[in-house]
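Take a look at the structure below.
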Amino acid sequence: MRKAAVLGSNDHNPSNMSSPPPQFDYNSGRQTPHMLGSNTEKPLIIDMGTQSIKIGYSELSSGDRFPSMMIPTLVGYPKLTKSAISSSLLRDDQTFVGIEALKRSPLLSLKYPIEHGIILDWEEINLLLDHAVLQCMKLNFSQLNSGLMMTEAPLNPKKNREKMTQLVFEQYQVPKFQISMQSLNAIYAEGMHSGLVLECGEGISTCVPVVEGYVLSHAITRMDIGGRDINEYLMDLLKNKVVFNTTFEREFARDIKEQSCQIKTNSALINHNTFTPDRKKYSLPDGKTIEIHNEQYDAPEILFNDSLIGRDGEGLQHLVIKALDKCEIDARKTLTQNLVIAGGTSMLRGFSERLQTELISLNEKEDKPYNSFNIIEKPYRRYISWIGASILASLSSFQPKWITKNEYEEHGVSIIHKKSMIQ
Ligand SMILES: Nc1ncnc2c1ncn2[C@@H]1O[C@H](COP(=O)(O)OP(=O)(O)OP(=O)(O)O)[C@@H](O)[C@H]1O
């Protein structure tokens, strides 16, 4: 069991979250303009994801509880073509990160330093953190006297947690630090103590049971499937209409997905022989228009049947049922009645309706005891992990959980396990 019970019953009221989720536009690099510049009175929250890093100040009271910035988790190195060099657009020793990399992406080879929620390239993460904090938030790490809270994916290797702790204290000289688990944050964001969190992001989907504030680690389930796999499958389905070659062009597949794709729900499933989706038009940057027809529904099907992309024939419904199977019988009712949906891919239209259908069907097929599910699907679910961390970092009950630089110097990296929110 993982220890994490810090949320008191009156600590916050999630219904205060009245402002709508922000819209970020990667391609123009538009950001929400508020709350930038030094604000050392509030903890800084950095939610590290496979596709994007969400960053902003902790906020407990009602009002704006969304990240102030979302930075693509991308690093770009110049492709050394003659034309790029001769036109002096780039030098071969330049590196671009985040939005700067995305803006110049036709000229760069792009790398994603986080895969399936896990950091693979620490030098690139270093560049991204520098960019996010120094350049975007206009802050020095050593000024973060109120604390730096970072998030991690469920089942993040312990050595990665240690490495992040070492980086933060030794290189960045952060005065106070802590790491919280993304799915647990979703429970904090909802002001709940128990629930089952199904998180579906860019590179990973996980199902995490939380009972009375404790993560049941042994019952966590995961699949390496997420929004990026839908993009890839969509490109495959569209290959007779358009071919996306470069990473830059592949970003358009993401855009087509976000604008056009939706998940088949009951009426489409029941009438599958006669079901004909609307034809949608999508304009490509070269002026060409393509028509999106069955692909809009076919691409996201991989979430519920991964054999479509050559995997084991499982889906998100299996993640949920397998996680429940591993939980104590007494906890199951609470968990099925508090199934919290999180992550950007869960924004696909029809997601929760289809999930409900698949869960009931799998339950019957495998003769399981879970007859009903109450799915909690909030409009801010893409940012729910950041929001939960933001609330947590400002709670009075959480304050003793910060790891100070003095404690790090006394105990070394093992302090992150001793004072961990995640055992
Ligand atoms: N409205 C939308 N419709 C469909 N997909 C969306 C929508 N909004 C975001 N997404 C997808 O959600 C994914 C990103 O989700 P999220 O921000 O939760 O991921 P992440 O935290 O960067 O990655 P991970 O949690 O996998 O490490 C992308 O694939 C993106 O295209």
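A short reminder: the numbers here are calculations on the coordinates, not readings from a lab. In this text the structure is predicted, and so the values were computed from the model without any measurement. We place every Cβ from the backbone using ideal geometry, glycine too, and count neighbours over all the protein chains shown.
Taking amide H positions as placed in the peptide plane 1.01 Å from N, state which residues far from residue 349 in sequence (5 or more) or on other chains have amide H under 5 Å from it.
263
Can you check what the net charge comes to around residue 163, using other residues whose Cβ is under 14 Å from the Cβ of residue 163 (Lys, Arg +1; Asp, Glu -1)? Kindly include the intermediate steps, with their values, before the conclusion.
Working: positive: 158, 159, 161; negative: 121, 123, 124, 152, 162, 170.
Around residue 163, the surrounding residues sum to -3.
Going Cα to Cα from residue 264, which lysines come in below 17 Å? Please leave out same-chain ones fewer than 8 positions away.
Qualifying lysines at Cα under 17 Å: 280.
Each residue of the range 204-218 in turn: what ³J(HN,Hα) in whole Hz from Karplus with 6.51, -1.76, 1.60 and θ = phi - 60°, glycine and Pro shown as x?
Couplings: 7, 10, 9, 10, 10, x, 10, 10, 6, x, 9, 6, 8, 4, 5 Hz.
Compute the Kirkwood hydrodynamic radius of the range 227-376, taking the inverse of the mean of 1/r over all pairs of distinct Cα atoms, and give it in Å to one decimal.
Working: mean 1/r = 0.0593 Å⁻¹.
That comes to 16.9 Å for the range 227-376.
Between 376, 187, 290, which gets the highest mean-square fluctuation from a Gaussian network model of the chain, Cα cutoff 10 Å?
290
Hey, got the dipole for the chain? About the Cα centre, +1 on K and R Cβ, -1 on D and E Cβ, debye to the nearest 20?
Numbers: 46 positive and 50 negative charges, 87 e Å.
With only Lys, Arg, Asp and Glu charged at Cβ, the dipole is about 420 debye.
What is the chain's relative contact order, in percent, from Cα pairs under 8 angstrom and six or more apart in sequence? If you can, show how the numbers build up before the last one.
Details: 827 pairs, mean separation 89.0, N = 423.
With pairs under 8 Å counted, the relative contact order is 21 percent.
Looking at the chain as a GNM with Cα springs under 10 Å, which of 123, 232, 212 has the largest mean-square fluctuation?
Looking only at 123, 232, 212, the biggest GNM fluctuation is shown by 123.
Quick one: of 138/159; 176/419; 333/368, which pairs are farther than 23 Å apart, Cα to Cα?
Over 23 Å apart, Cα to Cα: 138/159.
With Rg and the Kirkwood Rh both taken from Cα atoms, where does Rg over Rh land for the range 349-404? Display every interim value, and only then the final one.
Numbers: Rg = 17.8 Å, Rh = 14.5 Å.
When Rh is taken as the Kirkwood radius, the ratio is 1.23.
Going by amide H atoms built from the backbone, whose H comes under 5 Å of the H on residue 115, apart from near neighbours?
Those lying under 5 Å, H to H, from residue 115 are 120.
Please provide three numbers in whole Å: the alpha-carbon extents of the chain along the principal axes, with the largest listed first.
68, 66, 37
Among 371, 327, 253, whose Cα sits farthest toward the positive end of the charge dipole of the range 227-376 (+1 at Cβ of Lys/Arg, -1 at Cβ of Asp/Glu, about the Cα centre)?
Ranked along the dipole, the leading option is 253.
Could you tell me the relative contact order of the range 112-197? Use alpha-carbon pairs under 8 Å, at least six residues apart, and round to a whole percent. Kindly include the intermediate steps, with their values, before the conclusion.
Details: 80 pairs, mean separation 23.4, N = 86.
It rounds to 27 percent for the range 112-197.
Name the residue farthest towards the positive end of the dipole of the chain from the options 132, 268, 244, assuming +1 on Cβ of Lys and Arg, -1 on Cβ of Asp and Glu, about the Cα centre.
Looking along the dipole axis, the top candidate is 132.
How about the range 329-398: which GluC sites (Glu not before Pro) there lie in a loop by DSSP and see at most 12 other Cβ atoms within 10 Å?
Passing sites in the range 329-398 are 366.
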